[in-house]
Amino acid sequence: MKKVCVGFLGVLILGGLLFSQQALSNSRTEDPIGVAVAPQLLILDTVQSGEVTVHTAIPYRSVLKGSVFLNGIAASSTFADSRGQLVAKFKESLVEAIVEPPSAFLTLTGLYLDGSAFSGSETIQVR
C-alpha cells in the first residue's frame, strides 16, 4: 500500500510541476515568439471590443515601431505589457474583412531594431 501511495504522490508532484511551468510561462501558444490572439473566437458582423489584440513574448524595446502587421494589416497601436513584452492592437473590422468561418490562421510580422524580421502565428475560430 505504501508503494502505491508513494507512486501516486510522485505522479501528483510531477503533474503539479508541469502545470505550474505552463501557468508561470503565461503562454497558451506553442509559437516561438509566443503569439496569443484575443479574442480566440471572432464573431463576424458583431463588434466584440472593436479591436483584435496580439500578445507576444518579444521585448517591446527591441521592436522597430511601425513595422508590426497582422496578415498585412498595420497595427493601430503597439505597447509594452506589464512584463515589457510587445502587445499589438488591430482594428476588428479590418481583421473581420480578411477572415472566414470556421477558422483563420493569423500571422504577426515585424522587424527588430537590428532590421531582422520576426513572425509568429495562431489559429482562431471564426463564426
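Here, each number is a calculation from the coordinates, and none is a lab measurement. Model, not experiment: these values are computed from the prediction. FYI the Cβ positions are ideal-geometry reconstructions off the backbone, even for glycines, and counts take in every protein chain you see.
Brief remarks follow.
- Residue exposure sequence - VAL35, VAL126, VAL87 - by fewest surrounding Cβ within 10 Å: VAL126, VAL87, VAL35
- Extending 7 Å from Cα along the Cβ direction at LYS65 and again at PHE105 yields two label points whose distance is 3.4 nm.
- The range 31-126, dipole about Cα centre (Lys/Arg Cβ +1, Asp/Glu Cβ -1), debye to the nearest 20: 360 debye
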